[in-house]
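Just below is one structure, and these are the notes that go with it.
The values are calculated or read from the model by the stated rules, or taken from the named source; none is laboratory data. Note that the structure is predicted; figures quoted are calculated from it, not measured. Note that each Cβ is placed from the backbone with ideal geometry, even for glycine, and that neighbours are counted across all protein chains shown. Calculation scope for accessible area: heavy atoms of the full protein, side chains included, ligands and nucleic acids excluded. Shrake-Rupley method; radii C 1.70, N 1.55, O 1.52, S 1.80 Å.
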Amino acid sequence: QNQSYPESLLYLRRAQKVWGMYKYYEIEKRIADVQVKISGTAAKPAQKIKQRIDKHLGYIRAIPLIFWQFLFLIIWFFLFFYLADLYKKKRHYLISLLFISMTIIGVMLVVRYKQGVRMRGVVMRDSVVYTGPSTKFRKLTLLPQGDEVSILRKSESFFKIKSPHIYGWVSQKAIGRV
């Protein structure tokens, strides 16, 4: 297996974070190609469903957080100043539509914020996963290079990670942060 594939994946994920919606589709396609080269096989049906969900969440992630905050604020000002007027004019459908819009935009704000705050990483080389932040703890499994993980915490030289199939601690040297 080529050592440059995990590094390519890491740089593509970093580019995706920086470029946002401007080059989103191009970068996403290249990421999918690298993931196929790393795994050696095409995506399974369950992985394809996850990729589609990630793609749609990617739309939210690609739009800058400040845009969602600004839109949320504008609609709240509109509601605040015109709610009584709309109620007097019996425009209940418009009031309902505005509150539904606020709910959707609020959920998007939360998702976008959580995506921005969460640390992610790529496993740069095959690494042992431990039950604790030291090599003295019990070994759980081997994490293959190229896997993408969420970084939950860090200690002096270990990350607590979550991958699709395991929680545990991995040496920081083995993880490239996105």
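Key figures for this structure:
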quantity: Where a residue in segment 150-178 is farther than 10 Å from P133 by Cα and of a type in the set (D, E) and its partner, wherever it lies, is part of a strand (DSSP E or B) and open to solvent by less than 10 Å² (accessible area, probe 1.4 Å), with Cβ under 9 Å and at least six apart; calculated: none
quantity: Test set (1) over 27 Å from R13 (Cα atoms); (2) open to solvent by less than 30 Å² (accessible area, probe 1.4 Å); (3) at pLDDT 80 or above - T131 fails condition number; calculated: (2)
quantity: Test: I104 is free of Cβ contacts under 8 Å to residues at least 60 places away in the same chain, closer than 30 Å to E26 by Cβ and surrounded by fewer than 16 Cβ atoms within 10 Å (Cβ to Cβ); calculated: yes
quantity: Complete set of residues in segment 134-178 that are over 20 Å from R14 (Cβ atoms) and assigned to a loop (DSSP other than H, G, I, E, B); calculated: S134, T135, K136, F137, R138, P144, S155, E156, S157, P164, H165
